[in-house]
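**Q** Sharing a structure below in structure tokens format, with a few things to ask.
The values are calculated or read from the model by the stated rules, or taken from the named source; none is laboratory data. Because the structure is predicted, anything quoted here is derived from the model rather than measured. A quick note on method: Cβ atoms are made from the backbone with ideal geometry, for glycine too, and the neighbour counts reach across all protein chains shown. Only protein heavy atoms, including side chains, enter the accessible area calculation; ligands, DNA and RNA are left aside. Shrake-Rupley method; radii C 1.70, N 1.55, O 1.52, S 1.80 Å.
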Amino acid sequence: MSRINWSSAAQGAQVIPVLLIAGMPAIFYPDGITISGLSISSPDAAWWPGNTYANWTSYAKPWMRLDDGIRFTERAIPAASQVLDVSEITVSLSDVDGGATTLFASESSAVGTYITATVTAGTATIPVVSTAAFAASGVIYLDQEAIRYTGKTATSFTNCTRGVFGSKAARHLFVEAQGAGLGNSQSTDLPVESVGRPATLWLCRVVAGVIVDADLQHYGTIGTGPALVGGGESLDDGWILHVDHAVKRAAQTIRGQAVSVGGYAHPGNLGARTSGISPGYDDLTPFFFRFAQNATSPNNLLMLTGDAASPDLGGWHPTRESFVQSLNTLTTALGSFTATLGTNGRLVIRFDSSPASNYFYYLHTPCCQTTGITNLDTTAADQFSADAGPMAEAWVPIVSGSPVYLSDADFAQIPSTPTSSLASFCLIFGSDDDRSSRRVARIRSQGTTGAANYVLCDALVTGVAPRFIVATGSGAASVLGITLWRGGLRANGFLLTQPTTARIGLHVSSSSWVTALRTVVESLDTEYACIADAFDWVRMQEVVDAYPSVIPPRRDYIVDLKTSVLALLQNEAALNGFSVVMYRGRISIARVAEFCATEATSDTITTAGLDARAPSPTYEKGADGIVNTYTVVSPDDGVTVNVTDQTSRAKFGGQGTITAMMPRSLLGIPGDASRLYVQVFGQAVTVLGPLRYPYRHVGIQLPLSHYDLQIGDLASATLWRVPDGNGARGIVDQVVQVVARDVVLYAEGDGHVAYTLRLNPSGIAGYAPAGLVAASGISGATVTLDVASIPTGLSGTGDDAATFAVGDLVRLVEIDTASPTASTQHTVTAVGTNTLTLNPAPGATFGAPAALKVLVVYDTWTVLTAGGRTLQERYCFLGQADQTLDSTHAARTFAA
């Protein structure tokens, strides 16, 4: 969408604040403003009025008071990259004709009714107890969602449009056991609660009464409830709203509850079994009894099936006692069968035979990992009885498409199936710290059978996979072809033999950690529907692409929902060398680092452009702290890697530490420890480089013509009074980075913005991508790079070619000789594994070089600047046209 051009808007354009509260029929803006239309180019998704003037006229509330202005601060803390420092915003509203009081304090007059079933995000019919007190059409408010309906029945609202007034269509849970009013959601005809609702603050440029630009400034949620302020006089009395940033909500635990898994499951045992066919390995029955009149006669089978009729209970019994009770309802024409569960939990089975010769076999897999087999040639009136041993407390096999039965309350805790193919919810058993005990069941779908709720699960092997044994009996058992089970299941999976608690998790797989994290947020429909739009995913991916990490970006992991989304983002930021920041009102990331003099900048700041009413620029050093240790914990490998900058430590002592955790892989199998060390050490250069010594900061105050600089943005600064690092005052055309932003708007009819700027060191030198050419590594236009002479190459990644990109301007330079061949300029046209394709092809003068004789390097920065290759210009290095270093400056450690 188009944004406000502040360099011109600050010269006299009309810019007004607008507050939107999701799910409330209100557009708040200052009194005295006339709006006659909206003409916004590609409105932001969070701007729910869109370009529809009818929205504005229907819901306009000119109640906003600007007596104290609008203020907020944003700050990056590079030494604590995981910390996001952003203030709340306070908005004052006049109580015009009691309108604000009606909107925020009418809970007692609201008409309400409870839902009677779970409402999914896509349903157009809302089932409720009664609609009698509601209008024939209108809007209902369900949790934070506003829903417009155009029809109703006695017990439902129909033809519903979901998620109006900027709210998000979400799932609303219903638990039958809780009944109405005990945790189930209530639909009302008024928005009775504002606390927790998303709220967005905008600055809108108005031209001749038409809003032409709408810039998001703050994406938050209503904190404490509306409060009355003022002296009690009608003209002074009003309301204030505190808008926390959405980061506060993102820091809350997603879902910490556990669910209980137990009972006896036998859903695969479908059919009446009149043919006497024994269960196959995918049948998963916990018990069956089989008998025959002789070794060759048809078999008779006694077992509970998956039929819905009693006593099967739809394939699941909540306890072993109820399972045994159902066994005793089975009958056979050849005799009576009895199963007894003793007080010590031991199962005893008894069969009174018919007047014929019989073979008897029983199988009870949960019993002590043993199988009871009895082959008897009996006579009339003989009895068979055996102690099958202690019976397991539960039988829950999880292989592929296995039902896991849950109570109503626990079933309601399971989120709805994600719409993204990249994600699926799962149940996590065991400890995260014990790979041998950790098991994960991915939830495929949800359903109900009989009176029981279930989730269909596939086993995911995340630790040491159990080995399942299949055995066959001997003697008559083999003659009859009985396949016996011993110790588990013939498939990849696991078996629960006692009631077990499971945590809810989310399995995500993506080629980018940004996409993986976005999938997590968008899959949490109930918890995060309100603030999913508070993250700037596009900006995050742009930053990640601009500053690739040594650690691969792919993620195939399981997120335990007892964490928070902010914690996940903070860990990724720490791992990849970024700071969590605000960017144009939303949560994003930035690389706070050192930047070269040729880097593209977003603004130019000069002494003449400072706010005339502001104090002189301030200057301080080391205010954001020092970090000289980088620690990465890899739970899958059981390894912790610490990297310390010993030079920094010798100068400043042990200072701060940035700690990150490698994402847990799906399989949880130990990886290559040596590769992990190489990755962590390579990443440590990036992370610690900009933080290993004290940095200089400048504080300035600027008029609103410079309002649009964001945290992480670069500017070119020429400022008097600021020390230049060479014993004098005044910096000239120096690249600075914004690390803090303090905004004051409409205060006494005016406004300004204050910035804290991070100064780069002077005389900076460092490393740009380069590669050694392998022995005889030039063949036509293809150049093969050498990563053997120097192990893992100059980049430390084992693939120096990957540090180049198509379009780069490079030079071939001969080294280690007093009379080098003249360097030649080329453009990279293709990048392979340790190969570059150059145009034009290298000339014959380089021939078939020996190892350690030829380098591929970036061309000089003056050439790059002339060509406008901004990506290459991000790398800082000092080089002369004759390919020698600038000897007037000492080289120093550098990380982009």
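**Q** Can you tell me the FRET efficiency between residue 822 and residue 251 if r is taken as the Cβ-Cβ distance and R0 is 56 Å, rounded to the nearest 0.05?
**A** 0.40
**Q** Let me ask something else about it. With N set to the residue count of region 82-145, report its C-alpha Rg divided by 2.2 N^0.38 Å to two decimal places. Walk me through the numbers on the way to the answer.
**A** Working: Rg = 17.7 Å, N = 64, 2.2 N^0.38 = 10.7 Å.
In units of the 2.2 N^0.38 Å rule of thumb, it is 1.65.
**Q** For region 70-195, state the average projected area of the convex hull of the C-alpha atoms over all orientations, rounded to one decimal in nm². Working shown, then result.
**A** Values: hull surface 44.2 nm².
Computed as one quarter of the Cα hull surface, the answer is 11.0 nm².
**Q** Then there is this: Which part of region 785-822 falls in the paramagnetic zone of residue 863, meaning amide N under 11 Å from the point 7 Å along Cα-to-beta-carbon?
**A** 809-813
**Q** Amide H neighbours of residue 583 under 5 Å, counting only residues 5+ apart in sequence or on other chains, H built in-plane at 1.01 Å?
**A** Answer set, sorted by chain and number: 588.
**Q** Please list 63, 513, 720, 316 in order of solvent-accessible area, largest first, computed with a 1.4 Å probe with all protein chains present.
**A** 720, 316, 63, 513
**Q** For 675, 591, 148, 320, write out the residues from largest to smallest accessible area, computed with a 1.4 angstrom probe and no ligands counted.
**A** Numbers: 675 140, 591 15, 148 85, 320 50 Å².
Output order, biggest surface exposure first: 675, 148, 320, 591.
**Q** How do the peptides 608-619, 686-697 rank, highest first, by the average count of neighbouring beta carbon atoms within 10 Å per residue?
**A** Numbers: 608-619: 13.7, 686-697: 21.8.
Highest-to-lowest ranking by the protection proxy: 686-697, 608-619.
**Q** Set the Förster radius R0 to 45 Å, insert the Cβ-Cβ distance between residue 135 and residue 562 as r into 1/(1 + (r/R0)^6), and round the FRET efficiency to 0.05. Walk me through the numbers before you get to the answer.
**A** Values: r = 43 Å, r/R0 = 0.95.
With R0 = 45 Å, the Cβ-Cβ based efficiency is 0.60.
**Q** In addition: Before anything else, pin down the relative contact order of region 719-793: Cα pairs under 8 Å, at least 6 apart, normalised by residue count, whole percent. Walk me through the numbers on the way to the answer.
**A** Details: 79 pairs, mean separation 14.2, N = 75.
Here the relative contact order equals 19 percent.
**Q** Also: Of the peptides 338-350, 66-78, how do they stack up when ordered by the mean number of other Cβ atoms within 10 Å, highest first?
**A** Numbers: 338-350: 15.1, 66-78: 18.7.
Per-residue Cβ counts within 10 Å, averaged per peptide and sorted highest first, yield 66-78, 338-350.
**Q** OK, next. Taking amide H positions as placed in the peptide plane 1.01 Å from N, state which residues far from residue 157 in sequence (5 or more) or on other chains have amide H under 5 Å from it.
**A** So residue 157 has HN proximity to 126, 128.
**Q** With no solvent and one point per C-alpha, what does the Debye sum give as log10 I(q)/I(0) for region 767-808 at q = 0.18, 0.19, 0.22 Å⁻¹?
**A** Relative scattering, expressed as log10 I(q)/I(0), comes to -0.49, -0.54, -0.71.
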